[in-house]
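Working notes, structure below.
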Amino acid sequence: MTKPEVDQGRRTWVAIACGAGAVGGVAAAVPFVSTFTPSERAKAAGAAVEADISALKPGEKMTVEWRGKPVWIVKRTPEQLAGLKKTDAQVVDPNSERKPAELTPEYARNEYRSIKPEVLVVVGICSHLGCSPSDKFQAGAQPSLPDDWQGGFLCPCHGSTFDMAGRVFKNKPAPDNLEVPPHMYLSDTKLLIGEDKKA
């Protein structure tokens, strides 16, 4: 019994048709799959944002955007953490008790206002009129700052000052501390801003 002859022309056309079908299927699937990632509008409405802090060195700050606001992530030095104890008596709300539901999640109501003492996560908007304060991390006397300055933030609009935990100093226009957004650690070097409950 002889084997039937294979039509090579037909086999080539079948292979081409299968390849074209596969390419078409992928082309149709890409836009569909991309709809699962949050749109810019969804991000602005509050979708959580991941931040990789692995390259952040002590004394440095990085900024990510969440809900259209700048969120600062600061890796504080041991000296900056020690300076917080010196500012307790000078700030309006040292224990973050004012407006806790709005400004400070329960896990950040401590002297560092953070989950990990060395990493501060705050919204970089002054609680007075919405300006963005400037970094003034260097300790010591400087223009517009007290002689015993321990480091922190200065709002250029109306002179409100905040310590390295985002706590506002007394007798300044800003009524409240900087907001601590909901956040959680996905790993030692990865933060999720905008969500603080594990699914």
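The values are calculated or read from the model by the stated rules, or taken from the named source; none is laboratory data. Remember, it's a predicted structure, so these values are computed and weren't measured experimentally. As a convention, Cβ positions derive from the backbone with ideal geometry for all residues, glycine included, and neighbour counts pool all protein chains shown. With ligands, DNA and RNA removed, areas are computed over all heavy atoms of the protein, side chains included. Shrake-Rupley method; radii C 1.70, N 1.55, O 1.52, S 1.80 Å.
Below, the figures for the structure above:
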| quantity | calculated |
| --- | --- |
| Residue in the stretch 89-125 that is farthest from Val64 (Cα to Cα), counting only those that are touching a residue at least 24 places away in the same chain (Cβ under 8 Å) and more than 22 Å from the chain's Cα centre (by Cα) | Gln90 |
| Of all residues making up the stretch 38-57, the number that are open to solvent by 90 Å² or more (accessible area, probe 1.4 Å) and either modelled with pLDDT of 75 or more or more than 18 Å from the chain's Cα centre (by Cα) (or both) | 2 |
| Search result, residues across the stretch 58-76 that are over 12 Å from Leu120 (Cβ atoms) and either within 11 Å of the chain's Cα centre (by Cα) or of a type in the set (A, V, I, L, M) (or both) | Thr63, Val64, Glu65, Trp66, Arg67, Lys69, Pro70 |
| Condition check for Lys86: farther than 25 Å from Met184 by Cα, touching a residue at least 60 places away in the same chain (Cβ under 8 Å) and surrounded by fewer than 19 Cβ atoms within 10 Å (Cβ to Cβ) | yes |
| Near pairs, Cβ below 6 angstrom, 6+ apart or cross-chain, from the stretch 50-65 (closer than 15 Å to Val180 by Cα) to any residue that is open to solvent by 50 Å² or more (accessible area, probe 1.4 Å) and modelled with pLDDT of 95 or more | none |
| Strands (runs of 3 or more DSSP E) completely within the stretch 97-191 that count 2 or more residues being open to solvent by 40 Å² or more (accessible area, probe 1.4 Å) | 134-136, 183-187 |
| Residue in the stretch 67-75 that is farther than 12 Å from Leu178 by Cβ, open to solvent by 10 Å² or more (accessible area, probe 1.4 Å) and in a loop (DSSP other than H, G, I, E, B) present | yes |
